[in-house]
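Input: a single structure, listed below in structure tokens.
The values are calculated or read from the model by the stated rules, or taken from the named source; none is laboratory data. The structure presented is a predicted model; accordingly, all values stated were derived computationally and were not measured. Methodologically, a virtual Cβ is constructed for each residue, glycine included, from the backbone with ideal geometry; neighbour enumeration extends over all protein chains shown. Quick note on the areas: whole protein, heavy atoms, side chains included, nothing else; ligands and nucleic acids left out. Shrake-Rupley method; radii C 1.70, N 1.55, O 1.52, S 1.80 Å.
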Amino acid sequence: MTGPQQITPQDERFMALALRLGRRHKGLTGENPSVGCVLVKETPKGCVIVGQGTTARTGRPHAERVALAEAGAKAKGATAYVSLEPCAHTGKSPPCTEGLIKAGVRRVVCAMKDPDPRVSGQGFEQLRKAGIEVSVGLLEDEAKRDLSGFLSRTITKMPWLQAKMAVSPDGFIGRRDEGNVPVTGPEAKKRTYLMRSQADAIMVGVDTILIDDPALTVRLSGLEGSSSIRVVLDSKGRIPLSAHVVQTAFEVPTWIVSSGLISAEKALALEARGCTLLLTDPTAQGRVDLTAALAQLAEQGINRIFCESGAILSRSLLDQGLVDEFILFEGAKPLGEGVSALSPDPHTALLAAGMALESKQHYGKDVISTYRRGIPRF
Ligand code: AOF
Ligand code: ZN
């Protein structure tokens with residue numbers, strides 16, 4: 001923690017609220033992080049929340065501006081709790097520091113510094129220059145976790161990647177040539193939708209499209225409008241024009257990451273149906289170069305990717321050290337035979353790839369294990 005003031009349990013409570021508010025629009029703010037802000041005023045009767053804000057859908061206005069608008073004149077003398085350093089630059093919106101100073105906020109408590117070079121430390125400096133007390137670092141670990149996509153793209157120029165795989169207890173992800181065979185129950189499916197909604201992009205390999213023809217949308221009541229961009233890795237342009245994600249590309253964006261191996265005719269046909277094509281150089285084996293593809297997605301403003309990969313793509317992502325979090329769903333019903341997941345078994349494979357088990361939770365009859373990168377990238 002840095003700053004002049006003692007941090008109280010009350011400060012921690014309000015910061016926890018700011019973080020919760022920030023989580024509301026995770027995956028919905030484009031390249032901008034979803035930040036939370038709470039404005040609190042001390043009164044003779046105790047603390048009163050006078051304004052709350054989350055970075056708006058699509059990224060603007062920023063959280064502080066939303067909270068200040070709600071508070072109006074009541075912001076004078078208040079403490080602002082913000083999950084990220086208030087911005088100091090005029091970008092697509094005016095600086096939040098200016099708004100906080102003009103409103104007469106007395107104290108600002110932040111979870112962490114913003115790594116965006118246009119802000120990084122300058123937000124705090126502007127606030128301090130205006131006589132505002134600034135404390136930094138409260139619940140920083142939690143904030144880093146919430147903002148991992150934005151931090152990853154800003155600091156490393158790569159998206160933060162969460163991969164998911166569902167396996168039967170006997171180690172299969174599906175049956176050969178049988179399309180989509182569910183290996184987990186309805187609770188796990190809902191959890192998948194939630195994870196989809198919190199990502200900026202949902203990524204699959206073209207084989208998943210050819211086998212399952214999934215919609216890759218969020219089908220949860222209240223979150224219908226929260227579907228993310230669908231990204232298909234397809235070096236040779238094998239995706240059929242009849243695929244669900246192609247047919248619905250005007251409603252929910254579909255991006256195809258391909259290489260020079262796609263025909264011009266197919267590329268045009270996909271674009272005519274609303275798909276966006278991103279081209280990368282193929283690997284020597286004629287595959288999409290995963291590192292280059294992810295770097296290109298980061299360049300397009302994608303912070304956080306949810307990858308619903310099959311066994312081959314999962315293995316490649318793990319081998320190339322591109323996975324930040326791996327969610328392993330294990331169902332209760334054996335399949336008997338089928339397509340093997342990671343060998344020799346998923347847990348051993350994940351540990352061998354440098355991932356560390358963080359938690360195990362029961363979801364209905366299924367078990368969800370969360371693995372995180374053992375050595376963080378940033
Ligand atoms: C804040 N509050 O709620 C968010 C911030 O293009 P602009 O003007 O919207 O600026 C984008 C940058 O602002 C982004 O890279 C990040 O540094 C910061 N995001 N800042 O004060 C917010 N979302
Ligand atoms: Zn701002």
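Per-structure values
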| read-out | value |
| --- | --- |
| Which listed pairs, of Lys164/Lys266; Lys144/Lys360; Lys92/Lys190; Lys74/Lys144, have C-alpha distances above 24 Å, in listed order | Lys164/Lys266; Lys92/Lys190; Lys74/Lys144 |
| Accessible surface ranking that places the most exposed of Asp141, Asp212 first, with a 1.4 angstrom probe | Asp141, Asp212 |
| Glu85 - accessible surface, heavy atoms, 1.4 Å probe, Å² rounded to 10 | 0 Å² |
| Carbon/sulfur fraction of accessible area - the chain, other protein chains in place, 1.4 Å, % | 52 percent |
| Gain on full stretching of the segment that runs from Tyr193 to Thr348 - 0.36 nm per residue minus C-alpha separation | 53.1 nm |
| Förster-model FRET efficiency, 45 Å R0, Glu224 and His89, C-beta, rounded to 0.05 | 0.85 |
| Region 230-293: GluC sites (Glu not before Pro) in DSSP coil with no more than 14 other Cβ atoms inside 10 Å | Glu251 |
| Computed [θ] at 222 nm, helices only, for the chain once each DSSP H run of length n ≥ 4 contributes -39500 (n - 2.57) | -8500 deg cm²/dmol |
| Surface accessible to a 1.4 Å probe, per residue, for the residues of region 202-251, Å² | 42 Å² |
| Shape of region 244-311, Cα gyration tensor, a/c cut at 1.5 | oblate |
| Value of Rg to Rh for region 207-340 (Rh from inverse mean 1/r over Cα pairs, i.e. Kirkwood) | 0.96 |
| Nearby aspartates and glutamates by direct alpha-carbon distance to Lys113 (threshold 20 angstrom, same-chain neighbours under 8 apart not counted) | Asp11, Glu12, Glu31, Glu64, Glu85, Glu98, Glu125, Glu133, Glu140, Asp141, Glu142, Asp146 |
| Gain in span if fully extended, Thr8 to Arg273, counting 0.36 nm per residue against the direct Cα distance | 89.8 nm |
| Sites Ala284 and Met1 - FRET efficiency at Förster radius 56 Å, r taken between beta-carbons, to 0.05 | 0.65 |
| The chain: Cα Rg divided by the 2.2 N^0.38 Å rule of thumb | 1.07 |
| Those residues of region 276-297 whose amide nitrogen sits under 20 Å from the label point placed on Phe250, 7 Å along Cα→Cβ | 276-277 |
| Region 202-263 and region 310-378: distance between their alpha carbon centers, rounded to Å | 23 Å |
| Distance (nanometres) between label positions extended 7 Å along Cα→Cβ at Lys360 and Val48 | 5.1 nm |
| As computed over region 1-145, the Cα convex hull volume per residue (Å³) | 98 Å³ |
| Estimated Rh, region 150-286: Kirkwood, alpha-carbon pairs, angstrom | 16.3 Å |
| Net charge of Cβ neighbours under 15 Å - reference Glu31; Lys, Arg +1; Asp, Glu -1 | +4 |
| Exposure ranking of Val339, Val136, Val245 by accessible area [1.4 Å probe, largest first] | Val339, Val136, Val245 |
| Two-site label geometry, Arg176 and Arg60: point separation in nm, points 7 Å out along Cα→Cβ | 5.4 nm |
